[in-house]
Amino acid sequence: MNKIKECDILIIGGGGSGALASLEASKHENLKIILASKGPIGQSGLTPTGNGGTKAVGSADELFQDMVTGGRFLNDQEIVWFMVNEIQNSLERLKQLGIPITPSRGKSVCVPSTETLKKLRKIITKTHNIELLEDVLITRLLKSNGTVSGATALDLTTGEFFLIKATTVVIATGGYTGELYPHTSNNPFGISSDSSGTGQVMAYLAGAELVDMEMIQFIPLPANPRCLYLRYFPDFWAGPYENRFGEVIESNVNAYHGESYSYLFVQKLFRELEKGNGPIYIDQRNLKSPDPTLMIKAWDQRRKLIKSLGIDPHQMKIEIILGSHFGMGGIKVNKKTETRIPSLYATGEVMGGVQGGMRISGYSFTQMIVFGFEAGRQAAIYALEGQKPGGFSTFDIDQERESILRFLKPKQDPLSVIELKKRLQQVMQDHVFIIRDKSGLSEAMDKIRAIRADVSRLQAPNFKRFNLEWVRAIEFSLMIELAELIVKSALAREESRGFHHRRDFPEEDNEKWLKHTLVKWEEGHPKVGSTPVVLDRLKPVTKT
Amino acid sequence: MNNQITAIVFRYDPERDEKPYYDEYHVKAEGEMSVLVLLNRIHNEIDTTLSFRIFCCGLQMCRSCLMKINDKKRFACLTLVKPGEKVTIEPASYPDGHIKDLVVKIVDGDSEKLKKDALSAKKCSEQRKATFSENSEKGRKER
C-alpha cells in the first residue's frame, strides 16, 4: 500500500507564489496545508534568479496601460486590472511579514528575491498548520468526480512514491521556457534550474485549459553564462549593440516599449544574426561606469561579484546571444486564480494570460506577489466550504507508479535525458524560436513526435535515493507534451503579435486574432481552439 | 594533463554502499570553471549516478551548493578550478543529515548547524585519507 498524506490544501511549488499562498491560507487555523517543492525553498526554482524588481509605482491606470499596450492587447484585462489595483496591498502585507522593500528605479520597487524566500521559509517552518515537504516532486494530479482530489508524489531523498489527498490544489510550479531552449536566462552560470513546465502539463492532463502557449519571451543574454548577472550593472542592456563589423545596430533601446526585453528589438537582433552579421556585442568601453551610490545595496553586491569574476563591460566587449526568458502562456485562470476545474487553482508564472504577448520587466514579481496571496485566499475559501476530498482511482495510481518506475528498468537501446533534451532544444531553437512559419512549425511537430517515441528508451540508473537522472526523465516525459502544445498553439495563431512572429503572417491581425489560443486534453487528444480577448477596459486604436 | 581537471568526489548511498568511498573523475576542461559547473559536466557526460544539489543562484546567496571543497566549506557556484588542477569535493556535512553523495538535508539556520559540523570536517578528511588509499570499488556493494 502507498503511504497517504492528507490535507485541505496542497500547494505545489516552493517559489515566491507558492510560499505566499501557503502563508495566506494558513491564517485559517483549522485548515491543514501541505507545501510541496522539488527543491528547498530559496534554493530552487526561478524566484531566486529574479533581481527583485517589482512594478508597483504609479496609478493603477498607468500600470494597466503599460502592461496591456506592451502585451499587445492579449492580456486578460480582468486579471491585469485586479493585479495593478492590488499590488500596494500585497506589498503592505509583505512588509508585515518582515520583508524589506526598497525603492528602485522607474516604476519599480525592489523585493529582494532570495532574501525574501529565506525569510518566508523561516515563517513557514514555524507555522503549525503548514507541513513543508521539500525535495518532493509532484508527478500527477489525481481526480475524482470532476474535481482534483490530490496528487502522486515522489520523495527525492528516499525515492518513495506516495499520495497526497487534498480538498484543493494550488499549482505554483513556475515557468516553462527554461529547459526548452539551449540558451536561457533561467539557468544562472549555464546550470539548469529545471524549470521544465511540468505544472502546466499536469493541469492540462487533469482537464484545465492552457492559454497562449506560443507566447514565449526571448531576450538578449551574455553568450558566456558566467556573465548572466551583468543585469546588475544598471544600464548595461541599454547597449550600444554592435554587429561583428563594429556597426552599431541599436544605440537607443529606451525607444522601445519594454526596452531590451521588447519583441521588436529582439526580432531586430535576430534578423541581424540571420543576415550572418553576428556575433552581436555590447560595447560600453567608451562609457562611464555607473555611480555605485545610485544603486541599491543588493545590486551593488552582485555587481562586485561579477567584477570579481573578471567581467567588466567597461573593459571589454560582451558577446550577446538570444535565449528564452519568460512564458506568457500558461494555465487559464480568472482573477481569483480559479481554473475550470473547481478545486484547482494556479498562481505565479504558471498562470497564463496575465502578460499577453510581451511581459514588461518587473511585472512578473508583481504577478507572483499579488496572485500568491490571492491563490492562498481563494483556495482557503474553497476548502472552508466543507467539500470533502474525493477518492482516488487505484487504476490511475498504479498507472502513474508504473510510468515513473519504467525509467529505472533496463532498456535495449538506452538514451540519457541530456541526449533527448539536446535534441528537443535544437528543434525548438531551429523552428519555434523568434521568427516562425508554417513549414518550420510542421517540421518541428514531426521531430517532436519522433523524440516522444524515444522517451520509452530513457534509462536512469537503477537506484532510488536522490536520483537526479530519474527525476529528469520523469519531467522530460511531461516536457515533450508541452513542446507539442506550444507548436500546436503557434501553428494556430496565423498572425504576428508580441513575441509570436510568423514570417508567413507578418502582420498583427486585430480583425481575426484578438483571441487567446487554447489547448485542452479531450478524449485522449490535445484539442486546439481559441476564445476572444475581453477588451472591456482598453481597446487597440484602429488604424485608418 | 593540462586540459583536464581531476575531481575526487565523495560517494555514499546508505542504501547500497557499505561505507563511503571516493570516485576520481577526469573532466575535459577548456578553461577554468566553477566546481558546480564541473559537477554538472560529470553528471551530464560521465556519471549520471552522482547526486548533488544542482541548483545555482550564482550569487553565493542561496547556500544550496555549499560543500566541502579541498577540506574547506565553500560555495561550489563561485569556487573556480583550473585545468591541470585536482579538487576534492565532499558533502558539507557527514554523517549528520547526509542523504547521498554530496547531498545533505537542508536545515533551518544552516550556518549555525554547519559551524558545529566544522569539528567533524577534520574527521571526514582523515576518513578520506584512510578510504582513498584502498580500492574505491570496495565501498560499493555488489550490484
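Please treat every number below as a calculation from the coordinates, not as lab data. Bear in mind that the values here come from a model prediction, so they are computed numbers and not experimental data. Please note: Cβ atoms are built from the backbone with ideal geometry, for glycine as well, and neighbour counts cover all protein chains shown.
Once the dipole of chain A is set up with Lys and Arg at +1 and Asp and Glu at -1 on Cβ about the Cα centre, which of A:39, A:439, A:7 lies farthest towards its positive end?
A:39
Applying a 10 Å radius around every beta-carbon, put A:107-117, A:242-252, A:377-387 in order of their mean neighbour count, most first.
Ranked from most to least packed, the peptides come out as A:107-117, A:377-387, A:242-252.
Separation between the residue B:4 and residue A:248 pseudo-spin-labels, each 7 Å from Cα along Cα→Cβ, expressed in nm?
According to this spin-label approximation, the distance is 5.0 nm.
Post the alpha-carbon centroid distance, the stretch A:159-175 to the stretch A:76-121, in whole angstrom.
The two parts, judged by their Cα centres, are 26 Å apart.
For every other residue with a beta carbon closer than 14 angstrom to the beta carbon of residue A:458, add +1 if it is Lys or Arg and -1 if Asp or Glu, then tell me the sum.
Taking every Cβ under 14 Å from that of residue A:458, the sum is +4.
Per residue of B:57-70, how many C-beta atoms from partner chains lie within 10 Å of its own C-beta, taken as a mean?
6
Give the average, rounded to an integer, of partner chain Cβ atoms located within 10 angstrom of each Cβ in A:462-470.
Per residue, the average neighbour count from other chains is 6.
Based on Cβ point charges of +1 for Lys and Arg and -1 for Asp and Glu, what charge dipole magnitude is obtained for the protein assembly as shown about its Cα centre, in debye rounded to the nearest 20?
Result for the protein assembly as shown is approximately 1340 debye, rounded to the nearest 20.
For the pairs A:268/A:447; B:19/B:82; A:38/B:19; A:3/A:464; A:38/A:118; A:3/B:19, flag any whose C-alpha to C-alpha distance is greater than 19 Å.
A:268/A:447; B:19/B:82; A:38/B:19; A:3/B:19
Tell me the relative contact order for the stretch A:217-324 as a rounded percent, counting alpha carbon contacts under 8 Å between residues six or more apart.
40 percent.
Among DSSP bridges having both ends in the protein assembly as shown, what percentage is antiparallel? Round to the nearest 5.
Counting DSSP beta bridges with both partners in the protein assembly as shown, the antiparallel share is about 70 percent.
Kindly give the semi-axes, whole Å and largest first, of the ellipsoid equivalent to the stretch A:1-93, taking each as the square root of 5 times a Cα gyration tensor eigenvalue.
With the √(5λ) rule applied to the stretch A:1-93, the semi-axes are 32, 16, 14 Å.
For the protein assembly as shown, just list the percent of Cα-Cα distances falling in each 10 Å bin from zero outward, please.
Bins of 10 Å from zero give 3, 15, 26, 28, 19, 7, 1, 0, 0 percent of pairs.
Could you run the Karplus curve 6.51 cos²θ - 1.76 cosθ + 1.60 with θ = phi - 60° over the stretch B:83-91 and give me ³J(HN,Hα) per residue in whole Hz, x for Gly and Pro?
Working through the residues one at a time gives x, x, 8, 10, 9, 9, 10, 9, x Hz.
Can you give the relative contact order of chain A as a percent, counting alpha carbon pairs under 8 Å and 6+ residues apart?
That works out to 21 percent.
Per residue of the stretch A:148-162, what does 6.51 cos²θ - 1.76 cosθ + 1.60 with θ = phi - 60° give for ³J(HN,Hα)? Whole Hz please, x for Gly and Pro, Karplus curve as stated.
Karplus-based 3J(HN,Hα) across the stretch A:148-162 equals 7, 10, x, 7, 8, 9, 10, 7, 5, 6, 10, x, 6, 8, 8 Hz.
Grab the Cα-Cα distance for residue A:504 and residue A:317, subtract it from 0.36 nm times how many residues apart they are, and report the gain in nm with one decimal.
Between residue A:504 and residue A:317, full extension yields an extra 63.8 nm.
What is the average number of partner chain Cβ atoms found within 10 Å of a Cβ in B:41-54?
Going residue by residue through B:41-54 and averaging, the value is 5.
Peptides A:351-358, A:176-183: what's the order by average Cβ count within 10 Å, highest mean first?
A:351-358, A:176-183
Calculate the length of the line joining the C-alpha centroid of the stretch A:314-349 to that of the stretch B:66-80, in whole Å.
Cα centres, the stretch A:314-349 to the stretch B:66-80: 33 Å.
Taking the Cα centre as origin and putting +1 on Lys and Arg beta-carbons and -1 on Asp and Glu beta-carbons, what dipole magnitude results for the stretch A:1-54, to the nearest 20 debye?
The dipole of the stretch A:1-54 has a size of about 180 debye.
Specify which residue in the list B:4, B:34, B:46 is farthest towards the positive end of the charge dipole of the stretch B:1-54, using unit charges on the beta carbon of Lys, Arg (+1) and Asp, Glu (-1), about the Cα centre.
After comparing all options, I get B:34.
Using the 10 angstrom Cβ neighbour count as an exposure proxy, how do A:1, A:83 rank, fewest first?
So the residues, fewest neighbours to most, are A:1, A:83.
Among DSSP beta bridges lying fully in the stretch A:392-544, give the percent that are antiparallel, nearest 5.
That works out to approximately 75 percent antiparallel.
Can you give the helix-only mean residue ellipticity at 222 nm for chain A, where every DSSP H stretch with n ≥ 4 adds -39500 (n - 2.57) and the sum goes over all residues, rounded to the nearest 500 deg cm²/dmol?
Computed ellipticity for chain A at 222 nm equals -10500 deg cm²/dmol.
Which percent, nearest 5, of DSSP beta bridges in the stretch A:203-352 are antiparallel?
95 percent
Quick check on the exposure proxy: order A:439, A:90, A:530, A:324 from fewest to most C-beta atoms within 10 angstrom.
In order of increasing Cβ crowding within 10 Å: A:439, A:530, A:90, A:324.
With respect to the cross-link table entries A:336/A:512; A:119/A:165; A:438/A:488; A:27/A:95, which display a Cα-Cα separation exceeding 18 Å?
Pairs exceeding the cut-off: A:336/A:512; A:119/A:165.
Need the full-extension length gain, residue A:530 to residue A:285, defined as separation in residues times 0.36 nm minus the C-alpha distance. One decimal, nm.
This chain segment gains 83.3 nm when fully extended.
For the stretch A:395-509, what relative contact order do you get, as a whole percent, if you take Cα pairs closer than 8 Å and at least 6 residues apart?
32 percent
For a footprinting-style exposure proxy, rank A:92, A:494, A:400 by other Cβ within 10 Å, fewest first.
So the residues, fewest neighbours to most, are A:92, A:494, A:400.
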